[in-house]
Amino acid sequence: MALAALVAFALFALGCSTSTTGTRDEGAAVVASPEPAGPPTSEPSAVPAQEIDPVDLIRRDPKVSGQVKADLKPCAKDAYPVDTSYGNLTGGDVPDVVVNVMTCDDAVGLGTYVYRESDRSYENVFSSEEPAVYATIDRGELVVTRQVYAKGDPVAYPSGEDVVTYTWADTRFTERYRVRNHYSGAVGNGPADAPAPSPTSDD
């Protein structure tokens, strides 16, 4: 009798240790949840909270020459020859503003200016008023293109251009590198009064 009870107990213990089915008394399994991710890191937005009026900004800026202000006139009703770009140039929390002022007839640059937000107003931190100048924002750097004219060059056909890249350092822009491009005089701007070739005849 004792032997039968011992065998029954052994079989019961063996069944409990090898069984893989049945309900668990421990409750639902705990699934580890990932740690909450922090806020994504990114560059400040290039879109300003409120776009500025570039014409008003130029007119109020004491660093802009009187000649540029006098030439800043609408080409048509309320349409001024002004290009505006927003981007991160100086590392601030608010996008910087690049303003290019041009002529109406041939879109030649009269002046280019960079404004940085400071105490809820915009401060002029760069300006160039050389003839045929234009600035753009390229990957966080300021790229200024200036047309180079030789004596006798028409406005539409300069002899070349200087492309200067500036980087913001501390409190001002410093020149990083400069490229001089020379244009071919044989393409597109040959002498307008060059004689046309004479027609040939088989006679």
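Report the calculated FRET efficiency for SER65 and THR165 (r = Cβ-Cβ distance, R0 = 35 Å), to the nearest 0.05. Could you put the intermediate results ahead of the total?
On the way: r = 24 Å, r/R0 = 0.70.
Result of the calculation: an efficiency of 0.90.
Working from Cα pairs under 8 Å separated by at least six residues, relative contact order for the stretch 51-102 is 29 percent.
Solvent exposure of the stretch 97-142 amounts to 48 Å² per residue of accessible area, where only protein heavy atoms count and the probe is 1.4 Å.
Amide H of THR90 versus every other amide H placed in the peptide plane: which residues, excluding those fewer than 5 positions away on the same chain, fall under 5 Å? Long-range HN contacts for THR90: ASP96.
Any lysines with Cα under 22 Å of the LYS63 Cα? List them, leaving off those in the same chain fewer than 8 positions away. Qualifying lysines at Cα under 22 Å: LYS73.
For the stretch 73-144, the dipole from Cβ point charges (+1 on Lys and Arg, -1 on Asp and Glu) about the Cα centre works out to 140 debye, to the nearest 20. Dividing the mean sequence gap of close Cα pairs (under 8 Å, 6+ apart) by how many residues the stretch 81-125 holds gives a relative contact order of 30 percent.
The values are calculated or read from the model by the stated rules, or taken from the named source; none is laboratory data. All of these numbers come straight from a predicted model, not from anything done at the bench. Glycine gets a Cβ as well: all are built from the backbone with ideal geometry, and neighbour counts include every protein chain shown. Keep in mind that these areas ignore ligands, DNA and RNA; they rest on the heavy atoms of the full protein, side chains included. Shrake-Rupley method; radii C 1.70, N 1.55, O 1.52, S 1.80 Å.
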